[in-house]
Each structure stands twice: as structure tokens, then as C-alpha cells.
Amino acid sequence: MNTLADTARAVAPETARRRHPLAWVPTLYLAMGLPNVMVGVVAAIIYKNLGVSNEDIALYTSQMYLPWVLKPLWAPLLEAHRTKRWWVISMQFLMAASLGLVAFCLPLEGFFKLSLAFFWITGFASATQDTCADGVFMSTVSLKDQARYSGLQGMCWNLGAVIGSGLLVSLTGWLHERQGLPWVQCWMIVVCMAAATMALFGLWHLRVLPPGGPPAMASGAGAGAGSFAAMREAWVSFFAKPQIWMMLAVIFFYRFGEGFIEKFGPLFLLDPRAAGGLGLDNAALGHINGTVGTIAFIAGAFLGGFLVARRTLPRSFFVLALVLNVPHLTYFYLSTALPQDPLWIGAIVAAEKFGFGMGSVGHMLYMMQQVAPGPFRMAHYAMATGVMALTKWSTGTVSGWVWNAVGHDYASFFGLVLLFSVPPVILAWLAPFPHAAEPDAPARS
């Protein structure tokens, strides 16, 4: 690691600091989306192709989301040591190595346990990279530019996910069907490509990524204190923030209704009409979510960023909460009208994705600009996103119980989702804004 740090210093961080955000923001968020989807989605496809049982796939791969839930536990330690830039680049090279090891253990007899271990390493490295990458962005880019580039962030993160779960998965199919390669060789090639991509991201960011500010404990928050003292101070200062519990309630409930749609929306689209679903096949669902839905999400994210850049976050937040939650009516409409036309269904789902993309900008910027500011900005943002992850986990957990409670009736289920979408709007109206900074003000750590 010391060698990497020396190399990073040798490429002139001062030059990197002066780089325009467009030189590093797109690649940074591409590098965040790709490993996330490799661990969360592609791993399950690999194991399915290699003959692992559905029960084992579901049991073991579902646990690999835990690093993103637990990352607030070690985020304060990252604040206390090294620069955010150092952590981002180190984790990118670590992910290149761990994904490479996933590829090379696939032909082995005990590949399942070995590859799971290396995927876990990739997951923890990816969650750490996410924490520090957001820290670089928040501490380098002005508040107005944070809003301006928020749509670009979402687009590039989703593009990284599309590359992993779309292009790379399709490539394995082409290698297997057209070239006659066994699945093991197909996945070795593709996972090695993902590993090489992460290494290229690391090399690029050695040249262009800003340092993202000095370690928090070295900048006046208690120089010389140990790591655990830094962690304690980060947690204590987080809960000492004014109106923190109200802000955490806003964060937790902002996407509460969306959590139920995210879990049961695809099931509703795929279920046969006899069961109250729309009876789409996988190809149609993939087209809606992977093409039309992605375009709508990106368009919404860009519009949301433009709105905040023009009006500031406090003046836009309630509108963005409405834009995210009101389109939940789309699934209630689909579950009651049960339309037949795939194009019309796609358009309705795209409208919900557009609202999700636009409204998500408010969620992200509220955490960045209202919850995170302070001497432990990066760690506090990670804690806020941990609360957001808790929303996803909790809604996913109880959605099955809700489904059983309504007798497996989709119209009733999505009717309840509309009720679940009311508290987020009310809380957005009441949301506190303790940091009413001017939009052109520079980002502060």
C-alpha cells in the first residue's frame, strides 16, 4: 500500500485537484456501478450457469449486499487515515485483484466457497470505494455543481450496472452459444475483463482524481488521536447534529413506498394474468427495465439536478418528493386496468422510473448537503446512506407479509403502497434544513 501511496504522490495530486469534474466524475461513478452489480447480480448468474442449486444461490448471494448496509461501521476509520483519493484508488486495484481471483478459481473443484470469499472481498472493497468516492465528490465540488452533476452521477452509475448485468452477461451467452466454449471458460474471460476494467479505472484515477481533502483527524478534529477515538467522535458528532432524528426520519421514509414497488413491481409484471399480473416474459421485462426504464430514469435524474441547481435544494425538496411518490399511482392503475398493449405498459412503467430518477436527486442531495456537513463529512454521508439501505432491507422484508395479508391481490397491495407513500411527502414538507448554504458556495468538509 505504501508503494501505491508513493505512486499517487508522484503523479501530482495538485494537478488532479485542478481537473474539471467531467474528467473524473463519470469514470468514478462507472467504477462504482460495475462492481456493485457484479457482486449483487452477476454472481448469481455465474453460479446458475455453473450448476449451483437455486437454494444455495439465494441463500449465499443475498448476503453479499451486507457490506453496503454495514459500511457506516468502518467509514469513520477511513476519515481518520489517508486521503479519500488514496482509498478510492487502493480499493479499485484491490477489486481488480479480487475479481481476477474469482475468475481463476472457477475451474477448481471447490470454486463455490472460494469465489464467494473473493466476491465478499470485492463487496467490502466496493462499499469502501463508494464511501470515499462520495467523499471526494462532496468535498471537491461546489453545492451548485453537486446538483448540476447529480444526473450525470446517476447515469454513469447505472451505465456501469448495465455494462455488468447487460453487456458482459450477453457476451457470455455469445461465447457459449456461438463459439462453443464451456460456461467456466466463458465466465473466466468475462470476469477477467471486469477485473481489467477496474485496474484501468485505478490507473486513470491516479492521474485525474482530486485528493478529496485531508484526513479528518489531521485537520483539527483531534490530531494524533487513534482510529477508535476518531470513530467515537464521528458517531457522537453525528447524533449531536441539530434536528438529526427528524432528518433521519426524512431519509428513512423518503423512498419507503418505492421500496415495495422495487421488490414486487417486477413480480407483478411477470405473473400470469390469471394470478392478477400482466403476464410479460423476461425479454419484455428486460426491455422495459433495461432500455426504456433506464432512459426514463436518467432523464428524470438530469431534470432533478437541473431543478435543484436553479432553485436550490430547500425550495425544490418537497416538489422532488411529490415527483417520486405520486407516480406510484402507475402500478395501482396497472393492477386494476390490466392493459394488454406492451407499449402502453412500457410507457406507464417508464413514467414511474422517470419520477424515481428525478425524485432520487432530492434524496441524495439532502444527505450530502444537510446531513453530511461537518468534520466527518464522508463518514456521516455513509451513515445516512446506511439508513437509506435499511429502508430497502426493511421494505423488502415486510413486503412478503403485506402480500400475504392482502390475499395475494395486486390491486390491494399497490393500494397500500399509495398509503405508504403519504408519510414521505409529509416529512419532506416538514424536513429541516440546518445548512442553508448558497448554491455557489464551495463544498466544505
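Values quoted throughout were computed directly from the atomic coordinates according to the rules given, and no laboratory measurement underlies them. Keep in mind that what you see is a predicted model, and the values were worked out from it rather than measured. Cβ: placed from backbone, ideal geometry, glycine included. Neighbour counts: every protein chain shown.
Each peptide in 233-246, 64-77 gets a packing score, the mean of other Cβ atoms within 10 Å over its residues, and the list from highest to lowest is 64-77, 233-246.
For the peptides 119-130, 183-194, 399-410, residues were scored by their other Cβ atoms within 10 Å and the scores averaged per peptide; the highest-first order is 119-130, 183-194, 399-410. Classify the stretch 231-430 as rounded, prolate or oblate from the Cα gyration tensor: take a ≥ b ≥ c as the square roots of its eigenvalues, call it rounded if a/c is under 1.5, otherwise prolate when a/b beats b/c and oblate if not. Prolate, because a/c is 1.5 or more and a/b exceeds b/c.
Cross-link partners among lysines for LYS71, C-alpha distance below 24 Å, same-chain residues fewer than 8 apart left out? The reachable lysines, counting only those whose Cα sits under 24 Å from LYS71, are LYS84, LYS113, LYS241, LYS263, LYS392.
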